[in-house]
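The values are calculated or read from the model by the stated rules, or taken from the named source; none is laboratory data. This structure is a prediction, so every number in the text was calculated from the model and none was measured. Glycine gets a Cβ as well: all are built from the backbone with ideal geometry, and neighbour counts include every protein chain shown. Keep in mind that these areas ignore ligands, DNA and RNA; they rest on the heavy atoms of the full protein, side chains included. Shrake-Rupley method; radii C 1.70, N 1.55, O 1.52, S 1.80 Å.
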Amino acid sequence: MIKPTIPANEIERLNDLRSYDILDTLPEKEFDEITFLASQICGTPISLVSLIDENRQWFKSHHGIEVSETPREQSFCGHAINDPENVMIVPDSRNDERFHGNPLVYRDPNIIFYAGIPLVSPKGNALGTLCVIDSVPRDLNQTQIKALKALGNQLGKLLENRISLDKLNRSEQKLKEINATKDKLFSIIGHDLRGPIGGLKTLTEILLSDFDLSDTKKIRDILKVIQTSANSTYDLLENLLTWAKSQQNDIKFAPQEIHLNPMVTQTVELFSELSKNKEVIISPDISESTYVFADKNMLMTVLRNLISNAIKFSSKGELIQIFSEKRDDAFIITVKDQGTGIKEEDKSKIFTKTEHFTAYGTNGEKGTGLGLMLCLEFIEKHGGKIWVDSELGKGSAFSFTLPLKDA
């Protein structure tokens, strides 16, 4: 048996094949109809749409045979793709030195007759074949060969149409996400931003009216409410501006090696007054030797939002922990609180652009979900993942991954 020669353009050919995103996909009626017609026209019991992967030939459609793949080194199609301009016909494989001792010849499916037309992409790469097979010696007449070529051309167009349809579906999904994000933004501006600003307006009007300015306790209580409202409004505006920049691609992704411990410490210090007023304890536990490869501004935004949320949903005396661990080819960074937790049915809503999930903090602080949407977007830019483990009434742990520099 002579193994098929590997084409000189093998790397380019494999990349081209994988760009179709078709390997190991489910059967499709259009492909099965082509193999049925090929068998009918050529009078063979078996017809295949065979795609030549690195170490196997995989059948997108297999008429008359149950297997979905066979080793590339045993494949007839592996030989056929080396002559992409011609139909390869083997009248009797037992008389062809390339197939002496080939298990596919002497065992099921007993390939004695083979005819295959290479499927060539617009880039000129032979991706596989449309082939017909029989267990007895035979040949094809010119009409059958011409018909097989015509089916091969239709198969090539079907592959290209499949890519176009996939691109269309992705564009449609992207458009849905953009519209959902736009609706979410309008909701935030129209309701979540209007609410706290309206509250500030009302409170300042109270102070400027015939209010008893000698009642320092009431004034202090009002100022605390104003401070809470101002803080949440400021956070919201900052997230809105950051989100707007990200949507316009105005935020450049510039990863660098970052010493994690001082960055976490710096971010925690931003919340010192807020955590003190709420009597929440923030305990960072990041090793001095931990370095991550990340965009500094994006990482700061993610940490700031996760810590802010942890404070928002924590009560007096509760602990917020920040820690990291190295696992495989990534660092996992976690912000864990002992707060209110998240309902099981709400977990899937918090990291999606199509849902508008909001919740109130332990002191009535209003959330918008925009901060977590930014976290998702920025972590995905790093090639990482972000998720939450939470139990209602027992707190939440938000974790995200950052790749190691080498990865």
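Here are a few things to note about the model shown:
- Applied to region 99-106, the Karplus parametrisation 6.51 cos²θ - 1.76 cosθ + 1.60 on θ = phi - 60° returns per-residue 3J(HN,Hα) values of 10, 5, x, 6, x, 6, 8, 9 Hz, with x for Gly and Pro.
- Mean Cβ count within 10 Å, highest first, over the residues of peptides 370-381, 391-402, 270-281: 370-381, 391-402, 270-281
- Spin-label model, S315/K252: points 7 Å from Cα along the beta carbon direction are separated by 4.8 nm.
- Per-pair calculated FRET efficiency, R0 = 35 Å: A180 and E205 via Cβ, rounded to 0.05: 0.45
- Accessible area of the chain divided out per residue, in Å², using a probe of 1.4 angstrom: 54 Å²
- Within the accessible area of the chain (1.4 Å probe), percent carbon and sulfur: 51 percent
- Ordering of 3-12, 123-132, 97-106 by packing is 123-132, 97-106, 3-12, highest average first (other Cβ atoms within 10 Å, averaged per residue).
- Candidate aspartates and glutamates - alpha carbon under 18 Å from K157, same-chain residues fewer than 8 apart omitted: D16, D21, E28, E30, D32, E33, E85, D166
- Here r is the Cβ-Cβ distance between N297 and D139 and R0 is 56 Å; the resulting FRET efficiency, rounded to 0.05, is 0.20.
- Put a dot 7 Å past the Cα of N9, heading toward its Cβ, do the same for L404, and the two dots end up 3.8 nm apart.
- Among the listed pairs K296/K347; K218/K296; K176/K296, those whose Cα-Cα separation exceeds 32 Å are K218/K296.
- Estimated D of the chain in µm² per second, where Rh is the Kirkwood radius over Cα pairs and Stokes-Einstein applies at 4 °C, 1.567 mPa s: 49 µm²/s
- Extent along the principal axes, Cα only, for region 1-128: 36, 33, 24 Å, with the longest axis given first.
- Exposure check, 1.4 Å probe, all protein chains in place: D212 carries approximately 90 Å² of accessible surface.
- Per-residue Karplus couplings for region 65-73, computed as 6.51 cos²θ - 1.76 cosθ + 1.60 with θ equal to phi - 60°, are listed in order as 8, 9, 5, 9, 6, 9, x, 5, 5 Hz, Gly and Pro entered as x.
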